[in-house]
Amino acid sequence: ATERTFSIIKPDATRRNLTGAVTAKLEEAGLRVVASKRLQLSKEQAEGFYAVHKERPFFNDLVSFMISGPVVVQVLEGENAVLKNREVMGATNPANAEPGTIRKEFAESIEANSVHGSDSLENAAIEIAYFFKPEEIVG
Ligand code: CMP
């Protein structure tokens, strides 16, 4: 089915001017960017977005990293978009990512791993609504 998922191009990637290169990978995988904006996240925004990881040992470092520079938040649309995006991103840890994936080609570390993508259709809807109004998404 046609789905929408949520993507973040993280500060390590925007810093290295990889917004276009990452987006090209998404598009080559058959995903369509139906909403996009570049943002400087506040600490509160980053903490709220990653609230599910609040108790993890890496939470504070993750929030610091996510506010260390601009991000690009995007809504991606396509057939099986959630799974397709996870495939093109590759494993969370770039050391475990398959060749050709975004994280294998671009990520610096498990933290500075260039992209975030929703892990389920349910979370995709929550994450999209965290950053976008319905009228900002043009399919
Ligand atoms: P993301 O998909 O954005 O979701 C949570 C993020 O935490 C993850 O990608 C990583 O960038 C970051 N992270 C940092 N350390 C770890 C870790 N040990 N395990 C999982 N995620 C980590």
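The values are calculated or read from the model by the stated rules, or taken from the named source; none is laboratory data. Keep in mind that what you see is a predicted model, and the values were worked out from it rather than measured. Positions of Cβ are backbone-derived with ideal geometry, glycine not excepted, and every protein chain shown enters the neighbour counts. The accessibility values were calculated without ligands, DNA or RNA, using every heavy atom of the protein model including side chains. Shrake-Rupley method; radii C 1.70, N 1.55, O 1.52, S 1.80 Å.
Residue-by-condition table, conditions (1) modelled with pLDDT under 95; (2) farther than 22 Å from residue 38 by Cα; (3) in contact with a Pro (Cβ under 6 Å, 6 or more places away or on another chain):
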{"residue": "56", "(1), (2), (3)": "no, yes, no"}
{"residue": "60", "(1), (2), (3)": "no, yes, no"}
{"residue": "64", "(1), (2), (3)": "no, no, no"}
{"residue": "69", "(1), (2), (3)": "no, no, yes"}
{"residue": "88", "(1), (2), (3)": "no, no, no"}
{"residue": "91", "(1), (2), (3)": "no, yes, no"}
{"residue": "94", "(1), (2), (3)": "no, yes, no"}
{"residue": "98", "(1), (2), (3)": "no, yes, no"}
{"residue": "101", "(1), (2), (3)": "no, yes, no"}
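Give the residue that is nearest to residue 75 (Cα to Cα), with candidates limited to residues of region 107-129 that are touching a Phe, Trp or Tyr at 6+ places or on another chain (Cβ under 6 Å) and of a type outside the set (D, E, K, R). Steps first, please.
Taking region 107-129 as the starting set, the residues that turn out to be touching a Phe, Trp or Tyr at 6+ places or on another chain (Cβ under 6 Å) are 111, 114, 118, 124, 127-128.
Next, only the ones that are of a type outside the set (D, E, K, R) stay: 114, 118, 124, 128.
On the way: 114: 16, 118: 10, 124: 9, 128: 7 Å.
Only one residue fits best here, namely 128.
Give the number of residues within region 119-132 that are more than 9 Å from the ligand (Cβ to nearest atom) and assigned to a loop (DSSP other than H, G, I, E, B).
Going through region 119-132, the residues more than 9 Å from the ligand (Cβ to nearest atom) turn out to be 120-132.
Now restrict to residues that are assigned to a loop (DSSP other than H, G, I, E, B): 120, 132.
Here the count works out to 2.
Per-residue answers, yes or no, for (1) within 14 Å of the ligand (Cβ to nearest atom); (2) part of a helix (DSSP H, G or I); (3) in contact (Cβ under 8 Å) with a residue 12 or more places away in the chain:
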| residue | (1), (2), (3) |
| --- | --- |
| 3 | no, no, yes |
| 25 | no, yes, yes |
| 48 | yes, yes, yes |
| 63 | yes, yes, yes |
| 85 | yes, yes, yes |
| 91 | yes, no, yes |
| 103 | yes, yes, yes |
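Quick one: would you say residue 37 is out of contact with any Leu (no Cβ under 9 Å at 6 or more places or on another chain), surrounded by 17 or more Cβ atoms within 10 Å (Cβ to Cβ) and in contact (Cβ under 8 Å) with a residue 60 or more places away in the chain?
no
Going through region 9-23 one residue at a time, which ones are open to solvent by less than 80 Å² (accessible area, probe 1.4 Å) and either of a type in the set (Val, Ile, Thr) or more than 13 Å from the ligand (Cβ to nearest atom) (or both)?
9, 14, 18, 19, 20, 21, 22, 23, listed by residue number.
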